[in-house]
Amino acid sequence: MGKIALLFAMLFCIPAMTAVSYASEQPQLSKELKAQLIGSPVFIQIFKEERTLELYAKVGNEYRMLDSYRICNFSGGLGPKRREGDFKSPEGFYSISGRNLNPNSHYYRAINIGFPNDYDRYQGYSGAMLMIHGDCRSIGCYAMTDSYIAEIYRYVQAALLNGQAEVKIHIFPFRMTEANLQRHHLSTYYPFWRSLEPGYAFFARYHQPPAVAVVNGQYTVSPPMELHGATPVASQFALTQPK
């Protein structure tokens, strides 16, 4: 009964909870522990406005930040990528496998984000080959320094080789605090950004990437199977259809 009560508490409290920055609450990991975590499951968050990529690794039952990296460049400003040639860098919830890795990219190392995902396809968005890569140059990608992408790539590749089925990459226009959302409430992208907030809030609270699905063209967020040992439900946090 205790587990069932906890599950229902998680399911029905997420929409109301205040989004905070989990990264800011965490103590720094030592270099020794970081080295030991190569091969552990990993998770990536990207924040456009802050020009930040955060890499997390699983430690025990939660994900801890390995490091925060300055993004050299992205293009098109805030807002989701909608069509080929708009020069936008994607926003949304993506996941990758080993086939998304390119160790011999023209931009040193590259990780294909997986655009378009199911949400993008439902919306009719177009584009391909959107990456996190090196060389500090971007047309629709997230460009890092070569040294940064080398480290990120190393952890992602090791996690996949060690059995992680997929690595989640969650991309936000900014940290999804209520203050930031209100600051951008007049944007044409505001309804879409509101649909991303539950995913940000879930990780900030539970220190686990949520299960994300697309139902009737909307992102839905639910606890991952590790938290409740069942197939993730796909309807608890669907918001109104973004315009």
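The values are calculated or read from the model by the stated rules, or taken from the named source; none is laboratory data. The structure presented is a predicted model; accordingly, all values stated were derived computationally and were not measured. FYI the Cβ positions are ideal-geometry reconstructions off the backbone, even for glycines, and counts take in every protein chain you see.
Structural remarks
- When region 85-113 is filtered for residues that are of a type in the set (G, A, S) and crowded, with 19+ Cβ neighbours inside 10 Å, the ones remaining, listed by number, are S89, G92, A110.
- Candidate set: region 73-82, residues that are out of contact with any Phe, Trp or Tyr (no Cβ under 6 Å at 6 or more places or on another chain) and at pLDDT below 95; chosen: the one nearest to H133 (Cα to Cα): N73
- Condition met for S187 (under 18 Å from S95 (Cβ atoms) and of a type in the set (G, A, S)): no
- Flag for G39 being part of a loop (DSSP other than H, G, I, E, B) and more than 25 Å from Q218 (Cβ to Cβ): yes
Yes or no, residue by residue, for (1) touching a Ser or Thr at 6+ places or on another chain (Cβ under 6 Å); (2) touching a residue at least 60 places away in the same chain (Cβ under 8 Å); (3) among the β-branched types (V, I, T); (4) surrounded by fewer than 23 Cβ atoms within 10 Å (Cβ to Cβ):
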{"residue": "V156", "(1), (2), (3), (4)": "no, yes, yes, no"}
{"residue": "G163", "(1), (2), (3), (4)": "no, no, no, yes"}
{"residue": "V167", "(1), (2), (3), (4)": "no, yes, yes, no"}
{"residue": "R194", "(1), (2), (3), (4)": "no, no, no, yes"}
{"residue": "Y206", "(1), (2), (3), (4)": "no, yes, no, yes"}
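- Of all residues making up region 119-154, the number that are in contact (Cβ under 8 Å) with a residue 60 or more places away in the chain and farther than 25 Å from K58 by Cβ: 11
- Filtered by the rule that a residue be more than 17 Å from M144 (Cβ to Cβ) and either free of Cβ contacts under 8 Å to residues at least 40 places away in the same chain or among the hydrophobic types (A, V, I, L, M, F, W, C) (or both), region 44-63 gives A57, K58, V59, G60.
- Boolean, R109 is more than 22 Å from L196 (Cβ to Cβ), part of a strand (DSSP E or B) and over 15 Å from the mean Cα position of the chain (by Cα): yes
- When restricted to residues that are outside any loop (DSSP other than H, G, I, E, B) and either over 15 Å from the mean Cα position of the chain (by Cα) or under 16 Å from L37 (Cβ atoms) (or both), region 70-103 contains 8.
- In region 1-56, residue surrounded by the most Cβ atoms within 10 Å (Cβ to Cβ) [restricted to those that are more than 15 Å from the chain's Cα centre (by Cα), at pLDDT below 90 and of a type in the set (S, T, N, Q)]: Q26
- Residue match in region 177-192 (condition: under 19 Å from I46 (Cα atoms), modelled with pLDDT of 95 or more and touching a strand residue (DSSP E or B) at 6+ places or on another chain (Cβ under 8 Å)): no
- Residue satisfying all of: in region 94-110; of a type in the set (F, W, Y) and in contact with an Asp or Glu (Cβ under 8 Å, 6 or more places away or on another chain); nearest to M131 (Cα to Cα) among these: Y107
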